[in-house]
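The values are calculated or read from the model by the stated rules, or taken from the named source; none is laboratory data. Here the structure is a predicted model, which means the values were calculated and not measured. As a convention, Cβ positions derive from the backbone with ideal geometry for all residues, glycine included, and neighbour counts pool all protein chains shown. Quick note on the areas: whole protein, heavy atoms, side chains included, nothing else; ligands and nucleic acids left out. Shrake-Rupley method; radii C 1.70, N 1.55, O 1.52, S 1.80 Å.
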Amino acid sequence: MVQYNRVFVLETPEDAAAFAMGRWIEISGQSIEKRGRFTAALSGGKTPADFYRKLGGRQNLSWDRTHLFIVDERYVPVEHEDSNFRMIKESLLRSVNLPERNIHAIPTEEGTPEISAKKYEKNIKDFFELPKGAWPSFDLIMLGIGEDGHTASLFPAAPALSEARRLAVAVGGGKVKHHRISITLPVINSAKNVIFLVTGENKAHVVKEIIEDNNTQLPASLVNPKNGEVLFLLDKSAGMLLS
Ligand code: 6PG
C-alpha cells in the first residue's frame with residue numbers, strides 16, 4: 001500500500017486552490033532559504049488555472065528566485081488553445097515579474113516531439129547541472145489526475161510509464177488528441193514535494209482507486225517520491241467516495 005503522507009478534502013475548488021497557495025508559499029520560502037532558489041514544475045489542464053491565477057496575484061513572492069518548468073506539454077505552438085504553456089502564461093506568467101531566464105517551457109517547435117523531448121531533457125540536465133545518471137530533484141511538482149488515472153502525460157499502460165533512463169519523453173498516438181512531451185516517473189519520484197490538485201465529481205472514482213484501493217494500473221498511483229512528500233488537495237466532490 002503506497003503510504004500517502006497527507007490527503008486534504010476542502011469544501012470547494014477555491015478552498016483547495018487557497019490551500020495549495022499556502023503550501024507553495026511555505027515550500028518556496030524553505031527552498032529559497034536552504035538553496036537560494038525554488039524550482040517548481042507545473043501541470044496543465046483545467047484544474048490548476050484558478051490556483052495559478054491566485055499565485056499571479058502574489059507579487060511579493062520571490063519570483064526572481066523561482067524557476068518554473070512545465071510537467072508536460074501538448075506538441076502544439078505556444079499560441080495554440082491547447083497549449084499548457086499558453087494557459088500558464090495567461091493565468092500566471094503575465095501577472096508576475098518572473099525573469100525570462102527563470103521560465104523553462106517545453107520547446108514544441110523542434111521538428112518532432114522526440115527532438116523536443118531531447119531538448120527539454122538537456123535543458124533540465126543543464127539547469128540542475130546533473131552528473132551522468134542523476135535525477136533532478138524539483139522542490140515542488142504540481143500534478144493533476146485525468147479520469148483515466150493518468151498524471152502528467154503518463155497514460156495507463158503507456159510505454160512511457162516504464163521509462164527508467166530519460167527525464168522527458170515524447171508520448172503519442174492512442175486516444176490523446178495531440179502528441180505530447182512529458183517528464184517521466186523517475187523525475188516525479190525524485191521531487192521533494194508533489195501536490196495533486198484534483199477537483200470535481202468526475203474525478204471521485206479515480207481518486208478513491210488511487211488513494212484507497214492503490215490501483216497500480218493507474219499512473220497516478222505510481223507517484224511515490226523516495227525522499228519526498230505527496231499531498232492530495234481535493235475539493236469535496238473529488239473526495240466524495242473516500243471512506
Ligand atoms: C495535461 C495535464 C494532465 C492533467 C490531467 C487533468 O496536459 O492535460 O498535465 O495531466 O493534469 O489531464 O486535467 P484537468 O485538470 O483538465 O482535469
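Points to keep in mind about this one:
- Candidate residues R35, R166: accessible-area rank, largest first, probe 1.4 Å: R35, R166
- Mean residue ellipticity at 222 nm, helices only, the chain: -8000 deg cm²/dmol; runs of at least 4 DSSP H residues each add -39,500 (n - 2.57), and the sum is divided by the number of residues.
- Mean separation of Cα contacts under 8 Å (6+ apart) over length of the chain, as relative contact order %: 25
- Percent carbon-and-sulfur accessible area, the chain, ignoring ligands, DNA and RNA, probe 1.4 Å: 49
- Computed magnitude of the charge dipole of the range 136-243 (debye, nearest 20; Cβ of K, R +1, Cβ of D, E -1): 380
- Shape descriptor for the chain: Rg over Rh equals 0.93 (Cα atoms; Rh from the Kirkwood inverse mean 1/r).
- Principal axes of the range 6-77: Cα extent on each, largest first, Å: 35, 32, 25
- Relative contact order for the range 1-140: 24 percent, from Cα pairs under 8 Å spaced at least 6 residues apart, divided by residue count.
- Cα centre as origin, Lys/Arg/Asp/Glu Cβ charges: the range 67-186 dipole, Debye: 260
- Surrounding net charge for K89, when Lys and Arg each add one and Asp and Glu each subtract one, Cβ distance under 15 Å: -2
- When Rg and the Kirkwood Rh are both derived from Cα coordinates, the Rg/Rh ratio for the range 74-173 amounts to 0.95.
- Nearest-10 value in Å² for the accessible area of K208, using the 1.4 Å probe: 60
- Top positive-direction residue, dipole computed over the range 28-132 with Cβ charges, set S28, T66, T47: S28
- Using a probe of 1.4 Å on the protein chains alone, the accessible area found for T47 is around 40 Å².
- For a straight C-alpha distance cut-off of 23 angstrom, the lysines reachable from K119 (same-chain residues fewer than eight places away being disregarded) are K89, K132, K177.
- Given charges at beta-carbon only (K, R positive; D, E negative), |dipole| of the range 1-104 in Debye: 400
- Among A16, I195, V96 - extreme Cα towards positive end, dipole of the chain, charges at beta-carbon: V96
- The range 224-239 and the range 92-118 have their alpha-carbon centroids 26 Å apart.
- Accessible area, probe 1.4 Å, largest first, for residues W63, W135: W135, W63
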